[in-house]
Each structure stands twice: as structure tokens, then as C-alpha cells.
Amino acid sequence: MTPAARRFIARGRALRASGESPVPSPCTSVCRIHPASGLCEGCWRTLDEIAQWGSLDDSARRTTWLRLEQRVA
């Protein structure tokens with residue numbers, strides 16, 4: 001696992017544990033969709049997840065963070 005992936009996972013875990021509200025976006029400003037996986041190379045979200053982020057409540061955002069951590073791992 002790359003150092004960037006480790007930092008991303010740690011950020012997600014800390015965020016979910018903190019109960020911070022509103023839950024910040026996982027965007028890392030590296031916006032490139034990998035053609036084979038369909039995932040952003042910066043935040044590991046799908047295009048649908050990126051598009052839906054603004055309409056999600058905090059609970060759904062935390063769930064998304066958990067899903068992203070699992071993808072990265």
C-alpha cells in the first residue's frame with residue numbers, strides 16, 4: 001500500500017471517529033478517472049459517488065468514507 005493510500009485511510013478513520021459535521025469530501029484534487037476501474041485516482045470514488053456527494057446526509061457520507069477505505073485497503 002502506498003503512503004498516500006495509508007494517509008487516505010487514516011484520514012477517513014479519524015473523520016468517522018470524530019463525528020465531525022458536516023463530513024468533508026474525500027476529494028484530494030487529483031481528479032482522474034481510471035479507465036479500467038472507473039474510480040477516481042485521487043479519492044477512489046465512482047463518478048456516481050462524486051455526483052451524489054452534495055446531496056448525501058452526514059450518515060451516508062460516513063458510509064461512503066468507510067466504503068472508500070475498504071477499496072483502498
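The values are calculated or read from the model by the stated rules, or taken from the named source; none is laboratory data. All figures in this text were calculated on a predicted structure; none of them were measured in a lab. For neighbour counting, all protein chains shown are included, and Cβ atoms are generated from backbone atoms with ideal geometry for every residue, glycine included. Only protein heavy atoms, including side chains, enter the accessible area calculation; ligands, DNA and RNA are left aside. Shrake-Rupley method; radii C 1.70, N 1.55, O 1.52, S 1.80 Å.
Does residue 59 satisfy being surrounded by fewer than 14 Cβ atoms within 10 Å (Cβ to Cβ) and of a type in the set (Gly, Ala, Ser)?
Details: surrounded by fewer than 14 Cβ atoms within 10 Å (Cβ to Cβ): yes; of a type in the set (Gly, Ala, Ser): yes.
Spelling it out, residue 59 is indeed surrounded by fewer than 14 Cβ atoms within 10 Å (Cβ to Cβ) and of a type in the set (Gly, Ala, Ser).
Filter the range 5-23 for residues that are in a loop (DSSP other than H, G, I, E, B), open to solvent by 40 Å² or more (accessible area, probe 1.4 Å) and either under 18 Å from residue 40 (Cβ atoms) or of a type in the set (D, E, K, R) (or both) and give the result. Please lay out each step first, then the result.
First, the residues of the range 5-23 that are in a loop (DSSP other than H, G, I, E, B): 19-23.
Filter once more, so that each one left must be open to solvent by 40 Å² or more (accessible area, probe 1.4 Å): 19-22.
The one that is in a loop (DSSP other than H, G, I, E, B), open to solvent by 40 Å² or more (accessible area, probe 1.4 Å) and either under 18 Å from residue 40 (Cβ atoms) or of a type in the set (D, E, K, R) (or both): 20.
Can you tell me which residue in the range 24-47 is nearest to the chain's Cα centre (by Cα), limited to those that are open to solvent by less than 80 Å² (accessible area, probe 1.4 Å) and of a type in the set (Gly, Ala, Ser)?
Per the criteria, the residue is 25.
Could we say that residue 51 is assigned to a helix (DSSP H, G or I) and at pLDDT 95 or above here? Break it down stepwise before answering.
Working: assigned to a helix (DSSP H, G or I): yes; at pLDDT 95 or above: yes.
Judged against the criteria, residue 51 is a match.
Under 6 Å between Cβ atoms, at least 6 apart or on separate chains: pull out the pairs that start in the range 45-68 with a residue that is among the aliphatic types (A, V, I, L, M) and end on any residue that is open to solvent by 50 Å² or more (accessible area, probe 1.4 Å).
Final answer for the pair search is 68/44.
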